[in-house]
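The values are calculated or read from the model by the stated rules, or taken from the named source; none is laboratory data. On a predicted model such as this, the values are computed, not experimentally measured, just so you know. Neighbour counts run over all protein chains shown; Cβ positions are idealised from the backbone, glycine included. Areas reflect the complete protein model, heavy atoms only, side chains present, ligands, DNA and RNA absent. Shrake-Rupley method; radii C 1.70, N 1.55, O 1.52, S 1.80 Å.
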Amino acid sequence: MAADGVASIGECMLELSGQAGPNWRMGFAGDTFNTLWALHALSGKRPATYVSAFGDDPFSQGQISFFAENGIGIGASPVIPGARPGLYAITLTCAERAFTYWRSDAAARRLASDPAALAKSLENQALVYFSGITLAILDAAARKTLLAEVAKARAAGSLVAFDPNYRPRLWQSREEAQAAILDALAVADIALPTFPDEQTLFGDTASQATAERFGKLVGEVVVKNGEEPALIATGGALQPVPAQHVTTPVDTTGAGDSFNGGYLAARLAGHAPADAVQRAHRVAAAVVQVRGALAPFEVLRTAFEG
């Protein structure tokens, strides 16, 4: 069977976003799911799989149903009796977001508890994507299992993409995060770091330093830097691509994740890295003009095509 699917590994949580008055709107989001959402919207008819672990409570059932309604499966991901999803709430100051989390016992922390199921979910995938948050929610043994299965998928022909997405509160120490992220880069074909994260984690002084450091480890690198140009590193050369400015953003949640989805969709479609970054910038600009992490598919597609 030809490898034509796209798979993303991680944690999708319940998302509470603030509305007028005391009411909250509930949705589903999480960094790797946000990326898959955009990637699925922009990748035509490629099968899309969200690889995680789920509970059996009504919220988990609703989450899986939401995926299915939007053409996203869960592969062989385990459904664990008595488990439940994590939860986060977004509060906004103008368009800038702050997050409050409840996720310490989330089912997704057990996504690598069944190596055979994980391997089955990664079969026949053209692309496998995961992030530093995926690593951070796992214990050390589970991280090794995950990376071993990703390496097997890569050896079988899958393209592997990784965003370090460093979140200090999820790690026991900076050193633990550094080691885990370097291990992940060893099995990656494409890296999608964000400069401020790398500045915090590795002390990079400029996006060029991030690009050069990653370029020694991974063949294709795109360094995101907010409204500053993204920086491509391939074959030892650096190429900046200006971002698209949004005068009045509504909500910046999911912008970087959607950039990743746009970039990966463009690369799978055969676009060169610079063109893929331009398309990804347009997708990210569209996402910050809607509330929540998930923009409607048609909004994403319109932005992608320009």
The relative contact order of the chain, taking Cα pairs under 8 Å that sit 6 or more residues apart, comes to a percentage of 17 percent
Helix-only [θ] at 222 nm, the chain, -39500 (n - 2.57) per DSSP H run of 4+, per residue, nearest 500, equals -11500 deg cm²/dmol
For the chain, the Cα-Cα pair-distance distribution in 20 Å bins from 0, as whole percents, is 36, 61, 3
Length gained if Ala206 through Thr302 is fully extended, taking 0.36 nm per residue and subtracting the Cα-Cα distance, is 31.3 nm
Of His281, His245, ordered by accessible area with the largest first and a 1.4 Å probe, the sequence is His245, His281
The simple spin-label model distance between Phe99 and His245, using points 7 Å out along Cα→Cβ, in nm, is 2.9 nm
By the mean-Cβ-within-10 Å protection proxy, highest first, 297-305, 131-139 rank as 131-139, 297-305
All alpha-carbon distances of the stretch 79-124, grouped into 10 Å bins from 0, give the whole-percent distribution 22, 32, 25, 18, 2
For the chain, dividing by residue count, accessible area per residue (probe 1.4 Å) in Å² works out to 42 Å²
With no solvent term and unit scatterers on the alpha-carbon positions of the stretch 66-210, Debye gives log₁₀ I(q)/I(0) at q = 0.21 Å⁻¹ of -1.46
Honestly the stretch 108-193 on the Cα gyration tensor test (a ≥ b ≥ c root eigenvalues; a/c under 1.5 rounded, otherwise a/b vs b/c for prolate or oblate) is just oblate
Pseudo-spin-label distance Val79 to Ala272, built 7 Å along Cα→Cβ, given in nm, is 4.8 nm
Of the convex hull drawn through the C-alpha atoms of the stretch 136-282, the volume per residue in Å³ is 113 Å³
Taking a crude spin-label model, label points 7 Å out from Cα along the C-beta direction, the Lys216 to Asp139 distance in nm is 3.4 nm
Taking protein heavy atoms only, a 1.4 Å probe, and rounding to whole percent, the accessible area of the chain owed to carbon and sulfur comes out at 53 percent
